[in-house]
Every structure is written in C-alpha cells, then in structure tokens.
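Student: First the structure, which I've put down as structure tokens, then a few questions once you've had a look.
The values are calculated or read from the model by the stated rules, or taken from the named source; none is laboratory data. These figures come from a predicted structure and were not determined experimentally. Because the Cβ atoms are built from the backbone with ideal geometry, glycine has one as well, and the counts that use them run over all protein chains shown. Areas reflect the complete protein model, heavy atoms only, side chains present, ligands, DNA and RNA absent. Shrake-Rupley method; radii C 1.70, N 1.55, O 1.52, S 1.80 Å.
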Amino acid sequence: MRLPIQRSLHKYIENIDKVALFSIFIVLTLLLSFILSSFISVGSGFIRFTSIYADLTPLQIIVMVGIGLTSIVLISIFLSALISTIKLQETLDHVTYRKVSSVFKKYVLQMTGFLVILTVITITLGTLLMYAGIPEIIIQAVILVIWAMFIFTPQIIVLEDFGVLESMKDAVKFIEGYPKALAKYLIVGLILMFFLTLIEVGLGQFFIWAHQIVSVVLVSLVVLPFLQIYATQLYLKRYPLTGL
C-alpha cells in the first residue's frame, strides 16, 4: 500500500488541470494581500493583526477587514473545490457526485465560518497577550499551536459533512488520536516552505519583481494545493482499513 505522500503526489499530478484552475482563487488572495503591504507583511500577517488597535487608522482597519473577508471567501472556495475533488475520486460514487455538487455552497459557507472563527480567535488572543506584555515569540508560538489544532478541519467539513463547530472539535480529537498525522503535515509543510524561500531569495539577488511572481505561482499552484491534498490523504488514514 502506498504511503500518504505517494498517494498525494499521484493525486496532485492526476488533478494538475483542476489544481491550476482552483489555484486562481489563491492567486487572487495573494494579490489582495499586496494591497495591505504598507502595514501588514505577508509573512507576519497574523502577528500584525494583534496590534491593529495600536498601529492602524480606522480607514486602514475597514480596508483590512474587507480584504480579509474577501480573502477568506476565496480561500474557502479553493479548499472546498479541491477537497471535494479528492472526495469524489476516492468514493467513485455518482450519487456522491450529485450530493457534493448540491451541497458545495454549504461547504464554502462552513469553510468561511471556520476561517472567520479561527481568525477572530487569533486576533483576540493575540491582542490580549500583546497587551499583557507577552514576548512576541511566545505569541507566535501560541498562534501556531492554535492553527495546528484545527489544521484538518477543512477535510472534516467536506469528507464528514459535519458542521463547523463539530468539525473543529473532531479535528482536535483526530490529532489527539493520530499525532503522527500532524507531525507529518508540518514536516512536509516546512520542507516545501524551505525550498520556496531558497528559490525566492536566490531569484531576489538577480531580479526586482520576478522572484515575487515566482513565489506567488509556486504557493498557489504547488505548495497550498499539495498540502491540502496531503492533509486529505493523511485524514483518510484515520479509518481502520487504512490505518496510519
């Protein structure tokens, strides 16, 4: 039996045309993030959210919230479409195809709700920790742990048809039962980001804008799609017949 990483590579290559189509939503999200570049860097967005009350004007906050919500909806469409594609291929069920097609809007709404809840938790807790005088490195670690706890929630929303809160609760339960799944996801994610950083830094020595364009393309077409496919394959190992 092939390992999740092998199945993920196979699924990624098999669905490269769909991945390219769905990645448009991530490209749009990244382009929107450039509008905020004057006060939020892409690499430290969640941390900078914790100081919005201290640093941003009311107009900047309105723009940030508007772009943030738009980005969340775009990411939700991307996640729902990609995970639904894998779900259909794994079940090979025409009834499931009709069902998934009919509830796709529900998936997007639930995914949006999940990301909004997680963002609110991040901002609120980050702000409280900041005003409590907690060092930034600890705030970053806390935020990382929070996001890691719910990393498989998108998969559960689509694969299990659970509600938002039930999916978040089940995601924590899944990680408690299969901690290796989270460890494998984080390791693969770090490896991909390491190579992405090397490419961007290398190109940045010779080009002014080309390295940023390449970075956007790689994140949209390779890194995020593959990580979601990999997360889906890791989650599918939850069941006894394909034990992790």
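Student: Please enumerate the residues belonging to the range 135-157 that are farther than 30 Å from Ser80 by Cβ and surrounded by 14 or more Cβ atoms within 10 Å (Cβ to Cβ).
Tutor: Across the range 135-157, the qualifying residues are Glu136, Ile139.
Student: May I pose another question? Restricting to helices (runs of 4 or more DSSP H) lying wholly in the range 176-244: which have 3 or more residues that are modelled with pLDDT under 85 and either of a type in the set (A, V, I, L, M, F, W, C) or open to solvent by 30 Å² or more (accessible area, probe 1.4 Å) (or both)?
Tutor: 179-204, 210-218
Student: If you take the residues in the range 29-66 that are closer than 30 Å to Ile229 by Cβ, of a type in the set (A, V, I, L, M) and buried (at least 17 other Cβ atoms within 10 Å of the Cβ), which one is modelled with the lowest pLDDT?
Tutor: Among residues in the range 29-66 that are closer than 30 Å to Ile229 by Cβ, of a type in the set (A, V, I, L, M) and buried (at least 17 other Cβ atoms within 10 Å of the Cβ), the one modelled with the lowest pLDDT is Ile47.
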